[in-house]
Each structure stands twice: as structure tokens, then as C-alpha cells.
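The values are calculated or read from the model by the stated rules, or taken from the named source; none is laboratory data. Since this is a predicted model, take the numbers as computed values, not measurements. Neighbour counts run over all protein chains shown; Cβ positions are idealised from the backbone, glycine included.
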There are 2 protein chains.
Amino acid sequence: MKTFFKVKSVAEVLDMIRRFPPLETETVALEDAGARVLGTNLVADSDVPEFDRSSMDGFAVRARDTFGAGEGLPALFEVVGEVFMGSVPTIKVGPGQAARIWTGGMLPRGADAVVMVEYARTVDQGQVELSKPVAPGENVILQGEDVAAAQVLLPKGHLLRPQDLGILAALGKSNLAVYRRPRVAIISTGDEIVPVGEMPGPGKIRDINTYTLSALIQSYLAMPIRLGLVGDNPAKLREAVAQGLDQAEVVLISGGSSVGVRDYTVEIFNSFSDAELLIHGVSVSPGKPTIMSRLGNQSLWGLPGHAVSAMVTCGLFVRPLLRQLSGRNLEEKNWGLTVEAVLTRNVPSVHGRQDYIRVRLQENGSGLPLAIPVLGKSGLISTMVKADGLIEIGLNDEGLLKGSPVEVFLFN
Amino acid sequence: MKTFFKVKSVAEVLDMIRRFPPLETETVALEDAGARVLGTNLVADSDVPEFDRSSMDGFAVRARDTFGAGEGLPALFEVVGEVFMGSVPTIKVGPGQAARIWTGGMLPRGADAVVMVEYARTVDQGQVELSKPVAPGENVILQGEDVAAAQVLLPKGHLLRPQDLGILAALGKSNLAVYRRPRVAIISTGDEIVPVGEMPGPGKIRDINTYTLSALIQSYLAMPIRLGLVGDNPAKLREAVAQGLDQAEVVLISGGSSVGVRDYTVEIFNSFSDAELLIHGVSVSPGKPTIMSRLGNQSLWGLPGHAVSAMVTCGLFVRPLLRQLSGRNLEEKNWGLTVEAVLTRNVPSVHGRQDYIRVRLQENGSGLPLAIPVLGKSGLISTMVKADGLIEIGLNDEGLLKGSPVEVFLFN
């Protein structure tokens, strides 16, 4: 009977993952840059806006001329013209003068503020009463107020949100460098597994992991390549792994977690030149039989076959690996991906093993939500469907007591 | 000077949105069903698994024969054969007998539990010592234990997560009905706006909203159709809206938020037969000039032109509309999309108006994170880039005091 050599802790595995360098960058059009990772620091090469702009409909004036104006005592202004949208006003605003202006219009020379149209009463063609004083700069977006030239606006490694595309648009970045998306080849194995479209004969079950793992990979903003199902046949499995290495940075095999099969998975991994077996068992539950071999900047992973174990190890190890390959800034705080909750029952664990427990969340009036453990074997995909997330029991803890505050790592 | 008629509250607008029916369903392949919305209740039409399966490598036995076995007193069993993966075992396990079995193997007749290989010591070809007692059902996944036939597993309207695809796979649903994704046509308008690829002349700025709004629409799992930039020209704008109505369920025009332009946006909306102007101003900041016209199950939206206002109103109104059109179960709790925080300064507001304030979050030791208001006019996209989310000040509140607990609605 074989035993695991050099079982790694979760922390050691994460440490290995951090040593993979990011992929190269590529250029994409701005409209395709949503949820991509910025490949260079974004530095503003011009002011935004490049001129003083009105932020309201109203009248451009010299602020000092409005001082003392009010509901009961409006100030009378001579209207010297109108600012047309998208053009440089030719008019100049002098003392006691006002120019009609629209939101986004360029402030005419002489003016330093805008009185909103709501506080204006037209006296005749050439005159307007303004009943509200404004300070210099009021209702105006000053040149460079949104973005000042030469400022670093977004750091390399930043995941681009909708508003980030907005600032890139404002600066005219119609193309930009982003990190390439990692590709992940996915292989399911096991003689007892049949494709989803087939009726499983006696003793067989359908392939679950191809679907759960590829959907997870997509949710991590990487590209799954489904290589399908391969029987417990070393030659065919090696062929599938070779195909994965041709097309992807990461190859996942799930299944074959029985001791015998696991051994030939290791042999297959070792059969590639320069393959370095780094992980052969992890002190984690579920997920103990995880295997990883590194080939330069590529990696081969043997994930457990059980549906829950495959998903948990994918989240625990493959997700941070893909963040690393994507060039993501790993220090960024992911606000909202966890929820504080209160555990509703005792959960035992074993010293020297890190445990991940499925929990579902339930509202609890005004208090913290309840984290209710979803019990069940790691072969039961239904337990993941019932759960909202996972809680962690540390390597040195022997369990968590009912009533303990816990941090729930949310799915998605 | 025109004033708004019938300004609506945010609650009234959301009420109107809830009256839109969901789109029709379509059939997609399982591998394309991630992040789609289930179009029918998922009912299990068979047990999963359809037979008792081992969840470990080891020996299948009659549990009662192991009672009393232990480290010091192993029980001796006759090995009657091996269960091959993916096939029905022909062997039968009688009293004092054991069959070698692998993870996922079908339990042979007679056996009701599995002793893990770690507790087995081979004596010779035909005999094994087992040093751990097991209960009936131990290390076995019983028929129907994962999913029992006829059970409703996932309700219609459920957003499919990776694990949900797993259970669909287990049941052999290689194709399934999901709601069609809503399509959203996006138009930017304003004579002062130029396309991103162009150098803005004096008095002009680049189109931001096309990019921020289409990235938001994608993040809401709907399909943006970018119709580009149209000048302040009623005929051309009407043509773009008509094109949008041909291709999409929702048409967004942003810009043209100055009073004059806003008026002809309403005229354009009204020029379509059966168009019903439902919203002409909302008591919200930013976002007051929002307009909406309904045409059957389609809707035309006039969003404010300011970059921040366009994004906030899109999140506030278009996001729930798209959830509604997508068939989403609106009662589902979105765990983790908000964060509790403490406000770091007084924020004034106005009674009778619902305010949305940009905030950035900062860690605060072991306490709740700090919500720091990001001040700045609603024309400054940089304020959205600096922010992590929004806080809401209710219709009847006149502001929030420094130190107040607040709920932050996170971006993404």
C-alpha cells in the first residue's frame, strides 16, 4: 500500500502558485476590455476636460456680479449671447453680463461660474434676472478637474470595471494592452463515467466535472477548453494531456482519484520532459489526493474525481493560479466576496488538516446571517447546490463550536 | 421655462419595472448554460446515483462482520474478488467475505459498507485483515442519496451556477430551456461629444457613456448593442431609436440632458405609436432627468448625459428591468453584493429626494470598514473610478451623520 510522500499544506501550495509569472499582454479594442486586466499603468496624457465646462443649463457669469442676489432682490444681467454646444464661444462676458449656456458647454471668456436656469427669469430678449448668488467655479467642471494630465489613474494589474472603461474613453484609449486570458484544458477520466448525452449503463454515472470545472474557469475570467472524457487508459490519457499542453497553460484532469489510477496519473505527468512533480497530496479536506506537476510556466493538475472535491480544489488552487497568470494585482481587496455569519452547529475537524465545510446562509433578523453546515459526502453534487459558500477550519483547529463567528467564502 | 410633470419616486419607478413580463425561453446546450436563467423547474427524472456506489478505495463487506474489529484485533476476511469500474459486479459478498472495490465502484450484492484501504492488511492472495469497524452505509453513496427522483432541484428563474450545471449533468440534461438574454441598444447623443478614436476639438469631449453603459449591461448578463454616437439632431436620433427598437428590448439614450434636448427626446419617444410616457423625471440624485417610455414589452430610456448619472441610473433602473426580463427570481438574496460600513463624514441630503453617494471603502482593523464619501460633481467619471460602491440616503432623510452605519452597494 502506497502512502503520500511530502503532503503539502494549503499555504505551501499557494506559495508555489505565486511563483508562476503572468502571461504576456495583448492589445484589445476598448469595447472588448471589460473584465480584462490592465497590462500597463494608465497614465493620463491630457487633462479631462481640456477646458472649463458648464455642468448645468443656465447663464455663465462673473461670480462676483451675483453676490447679494436673492429671491427678493434678483440681479439684472445683460444677455450677450448663447454658447453653442461643441464649439468655442466667440462671446466674452464682462461685468453685469451673462451668456446662455447648456450642460457641457464651454465657458466663455470672462465667466467663472454658472447660475442654474431654475434661478433665471427672462425680462426681455436682452436681459435676465438671476436670483441666486454663485461662487467662482460653481456649476463648472474646471479644466483637469476630472483627470489631471500625467496622473497615474489605474495601476497595471487592475481588473477593468465599467467606470474604468469610461476613464479610458475620456482619454481616447481606443486600444489598450491587457494580459492574455489563461486557457485551461479540462479532462475527465474514469471507466465508470459516461458522457452527459448517454444513458449510463449499470454501475456507471454521467460526467459532472467537465461542466462544473469549465463553468468555474469561466467565472474566473479564463478560457476553458473541454477535452472531454477519457477512459482509465494511460496511453489515451497521456495523449489528452499532450493535447492540453499544446493549447493551454493549465491542464486539469479530474477523476482517477483511486490509488491505482492516481499513481499512473503521476507517471503520465512525469513522462513529459522537464515536468517537476511539486504536489502529491495536500493536507486539506476535501481535496487530499490533489497532484500538480510544473512544466516551465505550464502546470498539470490531478484533481480528485468526487464532484465536490473537484470544485473545492479548483476554487482553492486553480483560481489563485489563474489570477496570477492573468497579471492580477493580488493585493486588491475583493469587497463582498465573503460574508460574516454565525455557525449553527459544532463542526469537528482534525488537527493538521485544513477543512472546507459547505454551508448555506439564512437571514437572521437584524443579526449576522446563520451559516448552516450542509452535511454530506464529497461525492454528492447536490450538497454544493444547496450551499451558498464554504467556511474554513484552520490546520491547527480541531473544529468550530456552534455559535462561532465564521467568514463564509461565497460561491461566484 | 418647463418644469417636470409628475416626478416619480424611485419606488414608483421600480414598481413600473416589475410589470414587464419575462422574455421567452430558448434551448441551449449544457456547456453554454453557465450564468443563464433556468426556464422551467428542474425536476429529477431518476435517482442519482442509480445504484449504491463506494465513495472510497477499500473492501466491500457486510458491516456487521466488522463489529468489534480494531487495531489490536483485526477481523480476517476471505477476498472473493474485485469490483471492476463501470460494470455490475458478478460476485456476491457473504458472511466473513470481502470484495476489493475502488472509489465509484458499484457495491456487490450482499455488501452494505466499505472499509477503507488504509485499514486493510493483505494476508495472502485470498485473505485480508480489516482493523476498523464500519456502520451499514459507511463509505457508500446510496442509490438516490445525491438526488432522489421526482424532487424539484432548482426552481424556474434560478441563475445557473457551476454546481447547478453539475446536477444538470448528473441527470443527463444535455440541453435545457433558459430565458433569452435581453438585448439593450445604446445610443450616445450630444453635439459636444466625439467618438473615442477622434481628437476632440475645442469645446468637445469624448464619448464615455457608450463604454460604461455597455460594460454595465454585460455585467448584468444582458447583451449590449452599441449604436454609437448621434448628434443633437431629432431626425437622426429618431432613426437610431427605431433601429434600436428593431434589435433590442431596451433602448438607452444617454446625453441630451439639457432642457431643450430633453424635450425633443420626449417628442421622439412619443412619435412611436403605442409609446406611453411613464417617467419624466425622478426624485433622485443623481438621475433626476431620467425619462422612460413603454411600448408593449419594450422600453425607451432617456438617461442623463453626465457620466456618473448615466451609470447610477443604469444600475438603479435598468439593472432590475433586465433581471425582470431575464426571468430572474427577484426574491433571491444576493449574498455579498453589499457591505456594512461606517460613514466617515456628515453627508447632507434633501427631504423628498433619494440620494446615491459614491464611497470608497477602507479597512478598519477588526471593525467594520470605513465608507469614505468620494465628493465631486456628477460629470466626473474619475469619482466613479475612485469609488467602490454607493450608499443610499432615503427619500425622507435629510442626510446621514458621521459614524452612521451604512450599507454599501458594491460595484460589480
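The table that follows gives values for the structure above.
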| quantity | calculated |
| --- | --- |
| Close pairs from region B:279-307: first on the phi > 0 side of the Ramachandran plot, partner surrounded by fewer than 21 Cβ atoms within 10 Å (Cβ to Cβ) and in a loop (DSSP other than H, G, I, E, B), Cβ under 8 Å, at least 6 apart | B:281/B:4; B:281/B:5; B:281/B:6; B:281/B:7; B:281/B:288; B:296/B:274 |
| Scope region B:57-107; condition within 14 Å of chain A (Cβ to nearest Cβ), under 19 Å from residue B:123 (Cα atoms) and touching a Ser or Thr at 6+ places or on another chain (Cβ under 7 Å); matching residues | B:57, B:60, B:101 |
| Number of the exception - residue A:151 against (1) at the interface with chain B (Cβ under 7 Å from one of its Cβ atoms); (2) under 41 Å from the mean Cα position of the chain (by Cα); (3) modelled with pLDDT under 95 | (1) |
| Of all residues in region A:191-230 being assigned to a strand (DSSP E or B) and within 18 Å of the chain's Cα centre (by Cα), the one that is farthest from the other protein chains (Cβ to nearest Cβ) | A:223 |
| Tabulated pairs, region B:390-412, first within 14 Å of chain A (Cβ to nearest Cβ) and surrounded by 19 or more Cβ atoms within 10 Å (Cβ to Cβ), second among the aromatic types (Phe, Trp, Tyr) and in a strand (DSSP E or B), C-beta under 8 angstrom, 6+ apart or interchain | B:390/B:356; B:390/B:409; B:391/B:356; B:391/B:409 |
| Residue match in region A:82-95 (condition: surrounded by 17 or more Cβ atoms within 10 Å (Cβ to Cβ) and not in a loop (DSSP other than H, G, I, E, B)) | no |
| Exclusive hit being more than 14 Å from chain A (Cβ to nearest Cβ), among the aliphatic types (A, V, I, L, M), outside any strand (DSSP E or B) and crowded, with 17+ Cβ neighbours inside 10 Å, set B:241, B:308 | B:241 |
| Among the residues listed as A:266, A:261, the single one being over 28 Å from the mean Cα position of the chain (by Cα), at pLDDT below 95, buried (at least 23 other Cβ atoms within 10 Å of the Cβ) and not aromatic (Phe, Trp, Tyr) | A:261 |
| Close pairs from region B:167-192: first aromatic (Phe, Trp, Tyr), partner modelled with pLDDT of 95 or more, Cβ under 6 Å, at least 6 apart | B:179/B:22; B:179/B:23; B:179/B:25; B:179/B:37; B:179/B:39; B:179/B:326; B:179/B:327 |
| Enumeration of residues in region A:335-387 that are polar (S, T, N, Q) and either in a strand (DSSP E or B) or in the same structural domain as residue A:285 (by TED's automatic domain parsing) (or both) | A:338, A:354, A:362 |
| Those residues of region B:323-364 which are of a type outside the set (S, T, N, Q), within 30 Å of residue B:41 (Cβ to Cβ), more than 14 Å from chain A (Cβ to nearest Cβ) and crowded, with 21+ Cβ neighbours inside 10 Å, in sequence order | B:323, B:325, B:327 |
